[in-house]
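Take a look at the structure set out below.
The values are calculated or read from the model by the stated rules, or taken from the named source; none is laboratory data. A quick note: this is a predicted structure, and the numbers were derived from the prediction, not measured. Here the Cβ positions follow ideal geometry from the backbone for every residue, glycine too, while neighbour counts run over all protein chains shown. Side chains are part of the model used for accessible areas, which takes the heavy atoms of the whole protein and leaves out ligands, DNA and RNA. Shrake-Rupley method; radii C 1.70, N 1.55, O 1.52, S 1.80 Å.
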Amino acid sequence: MTATVDPEVAADPLPPRRRSRAWAKFRRNPSAILGGAIVVFFLVVAILAPLLPVPGPAETDWSAVRKPPTAAHPFGTDEIGRDVLSRMIWGAQASLLAGVVSVLIAVALGVPLGMIAGYMRGWTDAVISRFTEALLAAPFLILAIALAAFLGPSLTNAMIAIGLSAMPIFVRLSRAQTLSVMTEDYVESARAVGIGHVGLIWRYILPNIFPPIIVQGTLTIATAIIAEASLSFLGLGQQPPAPSWGAMLNTAKNFLEQAPWMALYPGIAIFLVVLGFNLLGDGLRDALDPRDT
């Protein structure tokens with residue numbers, strides 16, 4: 001007698017028991033907790049920037065040009081007397097926004113293409129796969145710089161360029177996951193009961209490929225933040241006088257000997273937020289690994 005598979009039950013990628021195990025494993029991972037704490041800290045700082053008791057990011061004090069850290073300016077001032085701490089806090093908004101929005105663009109474009117390629121196969125899969133491989137032939141940052149230069153210098157265009165450059169990663173990931181899910185018994189059971197293509201993709205394939213996409217998205221946010229800082233450093237991202245960590249480093253390179261704090265603190269901020277997202281992504285990957293739960 002052959003056992004039947006209930007597609008409604010089998011299609012749940014994280015049933016309650018596995019979900020509780022994943023959360024317990026995540027909590028037992030000190031690196032993941034540290035990464036999550038770092039990410040939450042920067043998110044809170046970015047959100048609460050308008051409420052924090054710091055000068056405006058564009059306010060200048062000509063009597064305190066390139067002054068080292070003091071009680072009035074804990075992180076010092078820049079080349080025209082602006083408070084470095086204030087600009088770092090407001091710059092966190094640009095960096096985190098660029099990271100999150102870029103990844104959302106990449107996911108919104110890449111996941112549907114990858115699912116279509118894996119589901120339809122045949123010539124559709126071949127065309128999408130060759131297009132993806134063509135994009136992957138160019139290094140990620142070089143492609144982002146080229147697209148940003150073509151679109152024009154602005155934070156919005158930088159996010160679009162980074163999102164398009166990261167899209168091939170999600171195309172390949174979602175295609176591979178879709179091909180894997182298509183071999184599962186619950187997909188065949190759903191087909192047998194008459195569920196159509198849209199229902200199969202929306203109710204059974206997408207939920208089961210989403211956990212690895214979340215993990216990859218978290219890791220890609222870190223890459224996108226570095227890319228945004230690089231584009232801003234080159235003058236292709238956030239435009240003055242709006243603050244950005246990358247733009248601050250671009251200005252600071254001219255004053256490394258006279259005012260090293262202008263480069264030190266934005267560099268530390270980029271390092272910490274990228275470290276946080278990497279640790280968080282690694283923790284999510286371990287917690288959601290079905291082989292260990």
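Assorted remarks:
- Boolean, residue 183 is hydroxyl-bearing (Ser, Thr, Tyr) and either in contact with a strand residue (DSSP E or B) (Cβ under 8 Å, 6 or more places away or on another chain) or open to solvent by 70 Å² or more (accessible area, probe 1.4 Å) (or both): yes
- Selected residue [more than 23 Å from residue 198 (Cβ to Cβ), at pLDDT 95 or above and crowded, with 20+ Cβ neighbours inside 10 Å] from 95, 102, 86: 102
- Qualifying positions in the stretch 22-67 - of a type outside the set (A, V, I, L, M, F, W, C), closer than 21 Å to residue 86 by Cα and either open to solvent by 70 Å² or more (accessible area, probe 1.4 Å) or in contact with a Lys or Arg (Cβ under 6 Å, 6 or more places away or on another chain) (or both): 50, 53, 57, 59, 60, 63, 66, 67
- Evaluation of residue 81 against the conditions (1) open to solvent by less than 20 Å² (accessible area, probe 1.4 Å); (2) without any contact (Cβ under 8 Å) to a residue 24 or more places away in the chain; (3) more than 20 Å from residue 247 (Cβ to Cβ) shows that the sole unmet condition is (3).
- Among the conditions (1) under 29 Å from residue 280 (Cα atoms); (2) more than 19 Å from the chain's Cα centre (by Cα); (3) surrounded by fewer than 18 Cβ atoms within 10 Å (Cβ to Cβ); (4) among the hydrophobic types (A, V, I, L, M, F, W, C), the only one that residue 142 does not satisfy is (2).
- Unique match (being under 25 Å from residue 277 (Cβ atoms) and touching a Pro at 6+ places or on another chain (Cβ under 7 Å)) among 85, 96: 85
- Among residues of the stretch 243-293, those that are under 30 Å from residue 207 (Cα atoms), free of Cβ contacts under 8 Å to residues at least 60 places away in the same chain and of a type outside the set (D, E, K, R), counted: 1
- Pairs are defined by a Cβ separation below 6 Å, a sequence spacing of at least 6 or placement on different chains, a first member in the stretch 180-196 that is assigned to a helix (DSSP H, G or I), and a second member that is open to solvent by 80 Å² or more (accessible area, probe 1.4 Å) and at pLDDT below 80; no pair meets this definition.
- Residue check: residue 58 meets all listed conditions (1) in contact with a Pro (Cβ under 6 Å, 6 or more places away or on another chain); (2) modelled with pLDDT of 90 or more; (3) not in a helix (DSSP H, G or I) but one, namely (2).
- Test: residue 108 is in contact with a Leu (Cβ under 9 Å, 6 or more places away or on another chain) and farther than 30 Å from residue 55 by Cα: no
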